[in-house]
1. Mind counting the residues in the range A:4-45 that are open to solvent by 50 Å² or more (accessible area, probe 1.4 Å), more than 10 Å from DNA strand D (Cβ to nearest atom) and not in a helix (DSSP H, G or I)?
2. Given (1) touching a residue at least 60 places away in the same chain (Cβ under 8 Å); (2) away from chain A (no Cβ under 14 Å), where does residue B:58 come up short, assuming only one miss?
3. Out of the residues in the range B:1-12 meeting the condition of being under 15 Å from residue A:1 (Cβ atoms) and over 8 Å from the mean Cα position of the chain (by Cα), tell me which one is farthest from the other protein chains (Cβ to nearest Cβ).
4. Any chance you could count how many residues in the range B:55-70 are open to solvent by less than 40 Å² (accessible area, probe 1.4 Å) and in a strand (DSSP E or B)?
5. Have a look at A:83, A:64 and point out the one that is among the β-branched types (Val, Ile, Thr) and under 30 Å from residue B:23 (Cβ atoms).
6. Restrict the check to the range A:71-79 and report whether at least one residue is among the small types (Gly, Ala, Ser), in a helix (DSSP H, G or I) and within 14 Å of chain B (Cβ to nearest Cβ).
7. Would you confirm whether or not the range B:65-80 contains a residue that is within 13 Å of DNA strand D (Cβ to nearest atom) and not charged (D, E, K, R)?
Number of protein chains: 2
Amino acid sequence: MNTVFDALSHPIRREVLEHLKRGGMTAGELADHFPVSKPTMSGHFAKLKAAGLILGENRGGTIVYTLNLSVLEEAVMGFMNRVRVGRDAADPGNVHRGEAR
Amino acid sequence: MNTVFDALSHPIRREVLEHLKRGGMTAGELADHFPVSKPTMSGHFAKLKAAGLILGENRGGTIVYTLNLSVLEEAVMGFMNRVRVGRDAADPGNVHRGEAR
DNA sequence: TCGTTATTTAGCTAATACGCTAAATAGCTA
DNA sequence: TAGCTATTTAGCGTATTAGCTAAATAACGA
């Protein structure tokens with residue numbers, strides 16, 4: 001929980017997650033979308049990974065990062081349910097079904 | 001957006017929002033639930049307020065803070081929709097309706 | 001093996017965040 | 001006015017964060 005919200009506190013890291021929504025990307029591909037150095041991006045990846053928000057698969061030389069959406073859902077939606085009045089908090093599943101329409 | 005996620009990055013501030021879910025509380029009442037000094041809590045309130053997540057109403061001497069749920073919803077659910085694949089992003093209203101079942 | 005590419009680690013600086021105590025402010029009541 | 005309560009502001013120390021460049025590591029192709 002804590003590590004997830006810490007990770008989400010930086011705009012670059014939130015944007016990285018958005019870039020990954022349609023599938024995996026390499027560290028280099030991701031880094032090219034941001035105006036900071038690659039070592040800096042590497043640090044951002046490390047934080048996202050520590051929070052469990054992304055997974056890194058090493059494919060000889062390059063590393064492919066993928067989004068771990070379930071961790072994000074659980075932390076964020078869990079918190080949102082805790083902040084809203086009781087009515088919904090009892091059924092953890094309905095949020096996701098609800099969004100999917 | 002940025003200020004909202006910054007505000008959410010500290011566990012005390014998230015918990016303050018939870019405390020306010022059923023109605024307003026004074027700064028002092030809120031502070032009593034946390035193991036840090038009142039000036040420190042005052043700083044947390046200031047950050048939540050700057051992000052628009054709480055509103056402070058001055059009632060002669062004491063200040064009553066209330067949750068501004070719509071700001072939280074807009075920032076957090078907006079982000080969640082951006083991170084999930086396209087299908088849902090088009091209809092901003094359905095998230096809230098979906099949760100309420 | 002050598003060079004090239006991809007990524008991370010090390011080491012640094014500057015800025016921000018968080019906690020504290022002491023003091024200031026504002027309103028209330030005697 | 002004086003004193004009391006509630007809250008914030010000021011000022012300080014320390015820890016963390018975010019950026020950088022330079023160097024290390026790892027895998028690949030010639």
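1. Matching residues across the range A:4-45 total 2.
2. Answer for residue B:58: the failing condition is (1).
3. So in the range B:1-12, the residues under 15 Å from residue A:1 (Cβ atoms) come out as B:5, B:8-12.
Now narrow it down to the ones that are over 8 Å from the mean Cα position of the chain (by Cα): B:5, B:9-12.
Numbers: B:5: 5, B:9: 4, B:10: 8, B:11: 6, B:12: 11 Å.
For the range B:1-12, the residue satisfying everything is B:12.
4. Within the range B:55-70, the first condition is being open to solvent by less than 40 Å² (accessible area, probe 1.4 Å), and the residues that meet it are B:56, B:64-65, B:67-68.
Next cut, in a strand (DSSP E or B) only: B:56, B:64-65, B:67.
Residues that pass the stated criteria total 4.
5. Details: A:64 fails: under 30 Å from residue B:23 (Cβ atoms).
Exactly one residue qualifies, and that residue is A:83.
6. Initially, the range A:71-79 is screened for residues among the small types (Gly, Ala, Ser), giving A:75, A:78.
Applying the additional criterion that residues be in a helix (DSSP H, G or I) yields A:75, A:78.
Among the residues that remain, those that are also within 14 Å of chain B (Cβ to nearest Cβ) are: A:75, A:78.
Yes, some residue in the range A:71-79 is among the small types (Gly, Ala, Ser), in a helix (DSSP H, G or I) and within 14 Å of chain B (Cβ to nearest Cβ).
7. First, the residues of the range B:65-80 that are within 13 Å of DNA strand D (Cβ to nearest atom): B:65-66.
Those still in the list that are not charged (D, E, K, R) too: B:65-66.
Scanning the range B:65-80, I find at least one residue that is within 13 Å of DNA strand D (Cβ to nearest atom) and not charged (D, E, K, R), so the answer is yes.
Okay, residues lined up against (1) near DNA strand C (Cβ under 8 Å from one of its atoms); (2) over 11 Å from the mean Cα position of the chain (by Cα); (3) over 25 Å from residue B:81 (Cβ atoms):
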position: A:18; (1), (2), (3): no, no, no
position: A:22; (1), (2), (3): no, yes, no
position: A:29; (1), (2), (3): yes, yes, no
position: A:33; (1), (2), (3): no, yes, no
position: A:46; (1), (2), (3): yes, yes, yes
position: A:55; (1), (2), (3): no, no, no
position: A:66; (1), (2), (3): no, no, no
position: A:72; (1), (2), (3): no, no, no
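The values are calculated or read from the model by the stated rules, or taken from the named source; none is laboratory data. From a predicted model like this one, the values you see are computed outputs, not experimental measurements. A quick note on method: Cβ atoms are made from the backbone with ideal geometry, for glycine too, and the neighbour counts reach across all protein chains shown. Side chains included, ligands, DNA and RNA excluded: accessible areas come from the protein's heavy atoms. Shrake-Rupley method; radii C 1.70, N 1.55, O 1.52, S 1.80 Å.
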